[in-house]
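Every number here is computed from the coordinates shown, using simple stated rules; none is lab data. Everything numeric here is computed off the predicted structure, so don't read it as measured data. As a convention, Cβ positions derive from the backbone with ideal geometry for all residues, glycine included, and neighbour counts pool all protein chains shown.
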Amino acid sequence: MICSFLLFASLIVGRNAGIIKFTTTPGKVYGLEGGRAVMVWEYETEGRDLGFIQWDHSKNGSLIRILRVTADGTVTPGNEFSHASFTPPATITLDPLEATDAGNVICSIFLLDATLMGDTAIVTIVELDGKY
């Protein structure tokens, strides 16, 4: 009887809390300098309200903002990523792809209830004919 109650209670808590998760992530991204890198993230928030989505670039210990998008669609680009653009719900494109784009692109989703989830794509600039 106690086990049944605990199971039932955990289902209620899990159902009320909702599950937030990424349903699509880009993983590893490869591109040529001057080409285009499209990184697609899709997510579920189970009816919770979005605060904002932010993408950051991480390489050699430094973290630089790529861009931020608020729930109302306001896009604020970072200073060093003027070549980044946003497409809903959570896709960014780097075009043209620059050698300095190699590294980790971190997508962070912030909900109004202070919940945060994040995922990282690894961007690699591939060499073609002896040139990066």
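What to note about this one:
- Ordered by the count of other Cβ atoms within 10 Å of each Cβ, fewest first, Asp95, Asp101, Asp119 give Asp95, Asp119, Asp101.
- Per the Debye calculation on segment 20-125 with a single equal scatterer at every Cα and no solvent contribution, log₁₀ I(q)/I(0) for q = 0.16 Å⁻¹ amounts to -0.65.
- Using C-alpha pairs below 8 Å separated by at least 6 residues, the relative contact order for segment 20-125 is 34 percent.
- Theoretical FRET efficiency, 1/(1+(r/R0)^6), r = Cβ-Cβ of Ser58 and Asp95, R0 22 Å, to 0.05: 0.60
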